[in-house]
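The values are calculated or read from the model by the stated rules, or taken from the named source; none is laboratory data. What you are looking at is a predicted structure, and each value in this text was computed from that prediction instead of being measured. So basically every Cβ, Gly included, is an ideal-geometry build from the backbone, and we count neighbours across all protein chains shown.
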Amino acid sequence: MHLLLQRSIQKYAMARSSGETVIFDRGIPDCIVYAVRAGSDPTPSLEAADAYRYEPHVFFLEPWSDIYETDDERTMSFDDTVSFGRELRDVYERSGYTLVEVPRDSIGGRATFVRMCIARFVAIGTKGGA
């Protein structure tokens, strides 16, 4: 768990120093759920989630059985993914983020939705996305 958290912090720092809008597919708060599920102490992840804050809006994609597949990297069953998603939602909400539900749509439709949201966030003064 320590290596996952360390790499998440490094990616966060690199993105912040780039000055660009960056969208992460995983964030530091994810490490909290991974630690709890692994039976590890979540305290370092909880502290990091407080110290390294993303923009206030976080895109959230619910597990979708029609497109879910396992592979060498994605080994969780779909049912485990659903429960992980519930825990993740709770962690992000308790951490003070506003979740933006990405609708089930084609890849292009989801990408258009995310681009439109980012444009809106930039227009109102926040970048959004973790």
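Note on segment 88-97: residues that are assigned to a loop (DSSP other than H, G, I, E, B) and either in contact with a His (Cβ under 6 Å, 6 or more places away or on another chain) or surrounded by 15 or more Cβ atoms within 10 Å (Cβ to Cβ) (or both) total 2.
Against the numbered list (1) part of a helix (DSSP H, G or I); (2) out of contact with any Pro (no Cβ under 6 Å at 6 or more places or on another chain), residue 85 comes up short only at (2). Considering only residues of segment 28-47 that are acidic (Asp, Glu) and touching a helix residue (DSSP H, G or I) at 6+ places or on another chain (Cβ under 8 Å), which is surrounded by the fewest Cβ atoms within 10 Å (Cβ to Cβ)? By that ranking, first place goes to 41. Residues in segment 48-63 that are in a helix (DSSP H, G or I) and surrounded by 13 or more Cβ atoms within 10 Å (Cβ to Cβ): 48, 49.
Scanning segment 14-42 for residues being of a type in the set (Val, Ile, Thr) and either in a loop (DSSP other than H, G, I, E, B) or more than 20 Å from residue 86 (Cα to Cα) (or both) gives a total of 3.
For segment 14-27, the set of residues classified as more than 13 Å from residue 55 (Cβ to Cβ) and surrounded by 12 or more Cβ atoms within 10 Å (Cβ to Cβ) consists of 26 only. Every test in (1) out of contact with any helix residue (DSSP H, G or I) (no Cβ under 9 Å at 6 or more places or on another chain); (2) part of a loop (DSSP other than H, G, I, E, B); (3) more than 27 Å from residue 3 (Cβ to Cβ) is passed by residue 104 save one, and that test is (1). For segment 79-130, the tally of residues that are in contact (Cβ under 8 Å) with a residue 40 or more places away in the chain and within 17 Å of residue 32 (Cβ to Cβ) stands at 10.
As a summary of the residue check, residue 96 satisfies the conditions (1) farther than 27 Å from residue 125 by Cα; (2) modelled with pLDDT of 95 or more except for the one numbered (1).
Find the residue count for segment 110-130, including only residues that are surrounded by fewer than 12 Cβ atoms within 10 Å (Cβ to Cβ) and not in a loop (DSSP other than H, G, I, E, B).
Total satisfying the criteria: 5.
For segment 33-63, the candidate set comprises residues that are within 12 Å of the chain's Cα centre (by Cα) and acidic (Asp, Glu); within that set, the residue that is modelled with the highest pLDDT is 62.
Condition test on residue 66, is it surrounded by fewer than 17 Cβ atoms within 10 Å (Cβ to Cβ), under 24 Å from residue 120 (Cα atoms) and at pLDDT below 95?
no
The set of residues in segment 71-97 that are among the polar types (S, T, N, Q) and closer than 14 Å to residue 27 by Cα contains only 95.
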